[in-house]
Amino acid sequence: MEVRKGLLYSKEHEWVQEVSDSLVRIGITAYAQDQLGDIVYIELPEVNAQVTEGEPFTVVESVKAASDVYSPVTGTIAAVNEKLEDSPELINESPYDDGWIVEVKSSEFDFSNLMTAEEYESYLKEV
Amino acid sequence: MAEKTPLYEKHVALGARMTEFAGFFMPLQYTGIVGEHQNVRTAVGVFDLSHMGEILVTGSKAQDFLNYVTTNDVSSLTPGAVQYNLLTNENGGVIDDILIYRVPEGFYLVVNAANKDKDFQWLSSHKLDETAVVDLSPSTALLAVQGPNALPVIEKVLEYELESMRYYSFADLLYHGERIRVSRTGYTGEDGFEIYLPPHLAPQLWEELLAVGKPYGIQPIGLGARDTLRLEMRMSLYGNELTEEITPLEAGLGKFVDFDKGDFIGREALLKQKAAGVKQKLVGFVLKERGIPRQGYKILKQGQPIGFVTSGSMSPSTQKAIGLGYVDSEHAKAGNIIEIEIRNQKVPAEIIKGRFVIKKK
């Protein structure tokens, strides 16, 4: 399972890409989409909704079950990937690119609980 | 510690995601539920169902005994035929839904894996004199071959003509010199066969099916797709649509309840329910907006609770969110719009008649 270099990772298997000092892009990792199986639905949050680190902000559903997605950062939703409404399978096919889920803005992000790609790789070996 | 079927190593070697189900390690999926589902609808798939239970009932009073513990008329079974039937308790609640094969030595019951021990105890404690109830599950493996290409694959592997075998009938055949049981049955809505055989032959049959079936597009299919395949065909699953608190009449299985065959456990309660009219009915529904119904979600009508969801999924064949559930009978009409409560949102759904996917025969 690919762990992309240069991204930050949460223990709940979300990735964070720093777009700018005040904007990040968020998705779920290749490992997470593989564990979920075929994703058939995502309940996207509203733009301008507040998200809090460690709290669920959206739900992805595979054929078998619904699973919460936990926000890896605190901030405000700046954009959602509307393509996922009609093509949720993009999360399976392209978890780090076309399958991104939301962009979150904040004047000051706290990444202290997130892992580097190398740390996430070792973390995956333990789970 | 869960048990392994004789095909456990095959599943692991194929990279299956294994899950514990009814005390067995079973394959949930190999490559993905949606792809496996489509493969059964368009080509053919092979399932390991060795976790299922097989119980043999024999003796001079075996038929009377079975007629007393089930709802359907066992005496109508002709040799070589298979019957869908239900074990019910005194309240008419469903203990299990089963298949009964009329075999030369008596009656061969195929029961749900999760209910096997419960059924065996129920049967043993109610059996009449001169009847024997034997659990054959440990010495029985079960493979299912399902899909429009099932027939040519199974005929080539077993080297028997099976085209003339009728739906819900079976034959005992020889495979590598040993007796196996083959029935034209299944849980997918497709043509297909189920094969009961000694566990030591199961790996060989599995390999031969995959090899011979290759030009026919055969794939191994896990329990995940088994569930979506049966759901699209509106077939009930024990633990979801059927429980000891639900009667066959509520579940829409009245045609498998024969009140004229004589007394049976639950008859009185079911007769009473039939006379009074069932209070709740099983319905199928399709969501009209985004979302997926799941077991346990509330069903509402104008905001008031009228029932609950028993199964739900995205239908791989129709790409629609579909479900089954119980609603108060007054709301059960096809075309009625209900609401499914999904994470505090009310999503409208339409009750539909019949199966979610119509197969051309």
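The values are calculated or read from the model by the stated rules, or taken from the named source; none is laboratory data. As the structure is a computational prediction, the values presented were derived from the model and not from experiment. Here the Cβ is made from the backbone with ideal geometry for all residues, glycine too, and neighbour counts use every protein chain on show.
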remark   = Counting only residues that are closer than 27 Å to A:GLU93 by Cβ, more than 14 Å from chain A (Cβ to nearest Cβ) and buried (at least 18 other Cβ atoms within 10 Å of the Cβ), region B:1-17 contains a total of 1
note = Within region A:50-86, residues loosely packed, with under 15 Cβ neighbours inside 10 Å and either in contact with a helix residue (DSSP H, G or I) (Cβ under 7 Å, 6 or more places away or on another chain) or in a loop (DSSP other than H, G, I, E, B) (or both) come out as A:THR52, A:GLY54, A:GLU55, A:ALA65, A:GLU82, A:LYS83
query = With A:ILE42, A:ILE91 as the choices, which residue is within 14 Å of another protein chain (Cβ to nearest Cβ) and touching a residue at least 60 places away in the same chain (Cβ under 8 Å)?
reply = A:ILE91
request  = Determine whether region A:24-36 contains at least one residue that is in contact with a Gly (Cβ under 8 Å, 6 or more places away or on another chain), within 11 Å of another protein chain (Cβ to nearest Cβ) and assigned to a strand (DSSP E or B).
outcome  = no
query = Residues in region B:303-318: is at least one modelled with pLDDT under 95 and over 20 Å from A:ASP38 (Cβ atoms)?
reply = yes
query = When the residues of region B:18-30 are filtered to those that are on the phi < 0 side of the Ramachandran plot, surrounded by fewer than 18 Cβ atoms within 10 Å (Cβ to Cβ) and touching a residue at least 24 places away in the same chain (Cβ under 8 Å), which remaining residue is nearest to the other protein chains (Cβ to nearest Cβ)?
reply = B:THR19
query = Somewhere in region B:288-296, is a residue of a type in the set (Val, Ile, Thr), closer than 20 Å to A:GLU85 by Cα and surrounded by fewer than 16 Cβ atoms within 10 Å (Cβ to Cβ)?
reply = no
request  = Inspect all residues belonging to region B:93-103 and state whether any of them is among the basic types (Lys, Arg), closer than 22 Å to B:GLU208 by Cα and more than 14 Å from chain A (Cβ to nearest Cβ).
outcome  = no
key: Subset of region B:285-340 that is free of Cβ contacts under 8 Å to residues at least 12 places away in the same chain and assigned to a strand (DSSP E or B) - its residue that is farthest from the other protein chains (Cβ to nearest Cβ)   = B:GLN304
